[in-house]
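For reference, the structure discussed in these notes is given below.
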Amino acid sequence: MIHTNTRLNDEGANAFTKDEITEFGNLTMVPDNLAARAYFEKMRSRGHSIDTIFVHLLAPTARRLGEFWDQDLCDFIDVAIGVSRLQELLTSFGAAEDIPLVDLQHRALLITDPGEKHFFGISMVGKLMRAAGWDVTISMGPSIKEIGKIVDRDWYAVVGFALSHQDGIKGIGRGINEVRRLSKNPYIGVMVGGPAFTSQPETAIQVGADGVADDAPAAVILAKKLLLAQARLW
């Protein structure tokens, strides 16, 4: 375990210390499946809103799990368990915030840019999403036309685009436009990831995405948040 008393630099995240995020991350991976829920409830009892906990505790915890994994402080199974429990909390407490109880289809399409040569990241996202209960399709380097055919043919809750180089930004933007235009799911969520976006998160807004995922665990949690947001619109 890693311990520090330093608060996160981002002012919006000051509700929780790094210690608290680390502690919560550890609790999501312990055998007791109620430990993380109890911690969540403790944070609520301190007066934090559901939205504050979602944005400034659950999302950073997902990133923390990714750091644990990268630093070999835990294995893939531990991270998969942790992410699944974060998803459960999103569903459970999200429903408490007036999200209709609908049949949420955990189907995701992950896409790389045609010029992409690095596939490890998106493969890890797909692997972790499957472990967390998602039905995942990965398409390596499809054309804009092919992307349109895929989302027009099959229903997806979320589509994710991965990009490591800035040269492909415009192409990703065109791909997202095609998804929005032809998707069988009119409320489809779009997330982006990879160095091209994590180094400049504002680029995600420029291409029309709904959010940026820093790593595989964060991608699973972001996808779940996008899916729950759709439930309010059906």
Residues being touching a strand residue (DSSP E or B) at 6+ places or on another chain (Cβ under 7 Å), surrounded by fewer than 20 Cβ atoms within 10 Å (Cβ to Cβ) and within 20 Å of Pro114 (Cβ to Cβ): count how many of those fall in the range 127-149.
-> 6
Do we find a residue being without any contact (Cβ under 8 Å) to a residue 12 or more places away in the chain, assigned to a helix (DSSP H, G or I) and not assigned by TED's automatic domain parsing to the domain that holds Arg63 anywhere in the range 183-196?
-> no
Would a scan of the range 90-107 turn up a residue that is modelled with pLDDT under 90, surrounded by fewer than 21 Cβ atoms within 10 Å (Cβ to Cβ), farther than 21 Å from Gln230 by Cα and not assigned by TED's automatic domain parsing to the domain that holds Val30?
-> no
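Could you list all residues from the range 114-161 that are among the acidic types (Asp, Glu) and assigned to a helix (DSSP H, G or I)? First the steps, then the outcome.
In the first step, residues of the range 114-161 are kept if they are among the acidic types (Asp, Glu); the result is 116, 135, 146, 152, 154.
Within the range 114-161, Glu146, Asp152 meet the criteria.
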Among the residues of the range 8-40, how many are exposed (fewer than 13 other Cβ atoms within 10 Å of the Cβ) and modelled with pLDDT of 90 or more?
-> 4
Some residue of the range 194-213 being within 26 Å of Leu89 (Cβ to Cβ), surrounded by fewer than 21 Cβ atoms within 10 Å (Cβ to Cβ), of a type in the set (Asp, Glu) and modelled with pLDDT of 95 or more | yes
Starting from residues that are touching a Ser or Thr at 6+ places or on another chain (Cβ under 6 Å) and hydrophobic (A, V, I, L, M, F, W, C), keep the ones in the range 127-155 and report whichever is nearest to Lys184 (Cα to Cα).
-> Val151
Could you tell me whether any residue of the range 64-77 is modelled with pLDDT of 90 or more and within 20 Å of Ala229 (Cβ to Cβ)?
-> no
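The values are calculated or read from the model by the stated rules, or taken from the named source; none is laboratory data. What you are looking at is a predicted structure, and each value in this text was computed from that prediction instead of being measured. Every residue, glycine as well, gets a Cβ built from its backbone with ideal geometry; the counts of neighbours run over all protein chains shown.
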